[in-house]
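Undergrad: Encoded as structure tokens, here's the structure I'll be asking about.
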Amino acid sequence: MALTGRAALLAALGSIPVGILEPSWTGMLAANGPLALACALDYTLAVPVRTLTLARSGDTSVRLGEHADVHLTLTNPGTRKLRARVRDAWPPSSWRPGTESAASRHTVSVPPGERRRLTTRLVPTRRGDRRADRVTIRSLGPLGLLARQGTHTVPWTVRVLPPFTSRKHLPSRLARLRELDGRTSVLTRGEGTEFDSLRDYVPGDDTRSIDWRATARQNKVAVRTWRPERDRHILICVDTGRTAAGRVGDAPRLDSALDAALLLTALAVRAGDRVDLLAHDRRPRAQVQGRSAADTLPAFVNAMATLEAELVETDARSLVSMVLRSAPRRSLVVLLTTLDAAPIEEGLLPLLPQLTQRHTVVLASVADPRVAEMTTARGSVDAVYEAAAGTQTRSQRDRTADQLTRHGVHVVDAAPDDLAPALADAYLALKAAGRL
């Protein structure tokens, strides 16, 4: 049971005259005895919490930054009217700071045999599954002095999906893809691309694209048009080891990597390619393979929702082994990992020949804009040391990128907001050159 503020106030008011006129335990009991009887009667008339039935409905998934409405249906099967305060408890990351109290607490009145629906609006601040905790109900009596209190467990899970903020770059990349695909006036010819059709020669066309046999047959110059390869296999590997937990700005590196992977996936699917996903550190954390074009992006988003960086060193040998098993034929392998010297030189670099001799490899890494700001610091001794540290860090990343390039790896190193479009541009460049 729970004592309300009204009962405490009445007890205090009743004790004041007794304390002034005749301060004794007898006087206190005489003044508060009727209040105690009223509280006992109020408790008896309050609707028992255990007899109530609860059920949930509403949203089961939501993108990070958006809101989800979860409905709690409260049914009163008794013969007395229910007056209650309800707290629908969820993990703290289900709300923005300071909004939990208003969103999770409800006041409700339910007549006998009726039901009421309470709506809790969640605005999650982190990816992953948010599971409902207990529902606490405080059933008040008609006098509002004493309340019955109890809890119910009503399971419900809301999956918080990645926000996919880079989707704003998708229309411009799709326009470039249509140019490569020959669906606009810009027709391309690249080594290793697929033959599309013949058309009449116009001034400015590359003379190497002239089809002399077709020209001889129709007595006018004909040129070949080409389109990028289709139905190529792309394997996106996301490193979920300790380096992915480092924060750049307000978000961990992993979130920026996932956003870049989603943009690349959406673009590649529209280009007619097959895309698979592998998240790995010491062991596979998520894997999506063999999905149809319509199911690929939803499956990726769902798999990425629960990914978290693990504070362990990534096992590069296990990662390369998984890549080779997942991509037995020539593929584009995109590694979303770090450019830090130690993990690359000690882990990935010795194993790169196994990948590059069978696949086209792109390594994409999140760069910290703060390092570039540090290199320009001047004006004091501390600023000069800061600039030296930033320059050294930048030189190490450039040296590591050069080593990877000499091994045949295409390196994309960009700030969090620029990584997704830069990776998409690298994919389009490889597609235009017939390197997939």
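The values are calculated or read from the model by the stated rules, or taken from the named source; none is laboratory data. No experiment lies behind these values; they were computed from the predicted model shown. Note: ideal-geometry Cβ built from the backbone for every residue, glycine included; neighbour counts use all protein chains shown. Accessible surface areas use protein heavy atoms only, side chains included; no ligands, DNA or RNA. Shrake-Rupley method; radii C 1.70, N 1.55, O 1.52, S 1.80 Å.
Undergrad: Tell me, what is the percent relative contact order of the chain, built from C-alpha pairs under 8 Å that lie six or more residues apart? All intermediate terms of the calculation are to be shown ahead of the outcome.
TA: Numbers: 859 pairs, mean separation 57.0, N = 436.
Averaging sequence separation for qualifying contacts and normalising by length gives 13 percent for the chain.
Undergrad: How big is the gap, in Å, between the Cα center of the range 377-436 and the Cα center of the range 341-359?
TA: For the range 377-436 versus the range 341-359, the Cα centre distance is 17 Å.
Undergrad: Spelling out what I want: for every residue of the range 50-58, take phi, set θ = phi - 60°, compute 6.51 cos²θ - 1.76 cosθ + 1.60 (Karplus), and round to whole Hz; glycine and proline get x.
TA: 5, 7, 6, 10, 10, 8, 10, 7, x
Undergrad: Pick out, in residue order, every one of the GluC sites (Glu not before Pro) in the range 51-154 that is DSSP loop and has at most 14 other C-beta atoms within 10 Å; say none if there are none. Write down the numbers at each step before the final one.
TA: Values: sites: Glu66, Glu100, Glu114; in loops: Glu66, Glu114.
Loop-located and lightly packed - Glu66, Glu114.
Undergrad: In nm, to one decimal, how far is the Arg80 label point from the Thr99 one, both placed 7 Å along Cα→Cβ?
TA: Placing both labels 7 Å beyond Cα along the Cβ direction yields 3.8 nm.
Undergrad: In terms of modelled amide H atoms, which long-range or inter-chain residues lie less than 5 Å from the amide H of Ser61?
TA: Arg159
Undergrad: Peptides 388-399, 274-285: what's the order by average Cβ count within 10 Å, highest mean first?
TA: Per-residue Cβ counts within 10 Å, averaged per peptide and sorted highest first, yield 274-285, 388-399.
Undergrad: Next question. Starting from the 7 Å offset along Cα-to-Cβ, what nm value, one decimal, do you get for the label separation of Arg399 and Gln357?
TA: 2.8
Undergrad: Against the 2.2 N^0.38 Å scaling, with N counting residues, where does the chain land? I'd like the Cα-based Rg ratio to two decimal places.
TA: Values: Rg = 32.7 Å, N = 436, 2.2 N^0.38 = 22.2 Å.
Output field value: 1.48.
Undergrad: If you roll a 1.4 Å probe over the chain with all protein chains in place, what percent of the accessible area is carbon or sulfur? Show your work: numbers first, answer last.
TA: On the way: 11620 of 22480 Å².
Reported share for carbon and sulfur atoms: 52 percent.
Undergrad: I would also like to ask the following. At 4 °C and a viscosity of 1.567 mPa s, what translational diffusion coefficient does Stokes-Einstein give for the range 305-385, taking Rh as the Kirkwood radius over Cα pairs? Give it in µm²/s as a whole number. Intermediate results must be reported in sequence, preceding the final value.
TA: Numbers: Rh = 15.4 Å.
Estimated diffusion coefficient is 84 µm²/s.
Undergrad: Another one. Residues of the range 77-167: accessible area per residue at 1.4 Å, in Å²? Let's see the in-between values first.
TA: Details: 4710 Å² over 91 residues.
About 52 Å² of surface per residue is accessible.
Undergrad: Right, another one. Above 19 Å lies some portion of the pair distances; for the range 328-436, what is it as a whole percent of all C-alpha pairs?
TA: On the way: 2999 of 5886 pairs.
Pairs farther apart than 19 Å: 51 percent.
Undergrad: For every helix of n ≥ 4 consecutive DSSP H residues, a contribution of -39,500 (n - 2.57) applies; sum these over the chain, divide by its total residues, and give [θ] at 222 nm rounded to the nearest 500 deg cm²/dmol.
TA: Details: 12 runs with 156 residues, N = 436.
Roughly -11500 deg cm²/dmol at 222 nm, from the helical runs in the chain.
Undergrad: Which shape class, rounded, prolate or oblate, goes with the range 277-346 when its Cα gyration tensor gives a ≥ b ≥ c as root eigenvalues, a/c under 1.5 marks rounded, and past that a/b bigger than b/c marks prolate?
TA: Note, shape of the range 277-346 comes out oblate.
Undergrad: With θ taken as phi - 60° and the coefficients 6.51, -1.76 and 1.60, list the Karplus ³J(HN,Hα) couplings across the range 404-413 in order, rounded to whole Hz; mark glycine and proline as x.
TA: 5, 4, 5, 8, x, 9, 8, 9, 10, 10
Undergrad: Note the per residue figure in Å³ for the convex hull of the C-alpha positions in the range 243-402. Don't jump to the answer; show the numbers that get you there.
TA: Numbers: hull volume 20.5 nm³, N = 160.
Given the Cα convex hull of the range 243-402, per-residue volume reads 128 Å³.
Undergrad: Using the crude model of +1 on Lys and Arg Cβ and -1 on Asp and Glu Cβ, and no other charge, please compute the dipole size for the chain relative to its Cα centre, in debye to 20.
TA: Working: 61 positive and 46 negative charges, 334 e Å.
I would put it at about 1600 debye.
Undergrad: So how strong a dipole does the range 319-397 carry about its Cα centre when Lys and Arg Cβ are +1 and Asp and Glu Cβ are -1, to the nearest 20 debye?
TA: Details: 8 positive and 7 negative charges, 119 e Å.
That gives a dipole near 580 debye.
Undergrad: Can you check what the net charge comes to around Cys237, using other residues whose Cβ is under 13 Å from the Cβ of Cys237 (Lys, Arg +1; Asp, Glu -1)?
TA: On the way: positive: Arg285, Arg325; negative: Asp239, Asp276, Asp281, Asp315.
Net local charge, Cys237 excluded: -2.
Undergrad: Using alpha-carbon positions, what is the distance between the centroids of the range 303-338 and the range 142-161, in Å?
TA: 43
Undergrad: Sticking with this one: Which Cα, out of Ala257, Pro298, Thr75, lies furthest along the positive dipole direction of the chain (beta carbon charges, K/R +1, D/E -1)?
TA: Thr75
Undergrad: Which shape class, rounded, prolate or oblate, goes with the range 81-162 when its Cα gyration tensor gives a ≥ b ≥ c as root eigenvalues, a/c under 1.5 marks rounded, and past that a/b bigger than b/c marks prolate? Don't skip to the end; give the middle numbers.
TA: Values: a/c = 2.62, a/b = 2.19, b/c = 1.20.
Judged from the Cα gyration tensor, the range 81-162 comes out prolate (a/c at least 1.5, a/b above b/c).
Undergrad: Size of the dipole of the range 284-419 about the Cα centre, Lys and Arg at +1 and Asp and Glu at -1 on the beta carbon, nothing else charged, in debye to 20? All intermediate terms of the calculation are to be shown ahead of the outcome.
TA: Working: 13 positive and 17 negative charges, 158 e Å.
In debye, rounded to 20, the range 284-419 gives about 760.
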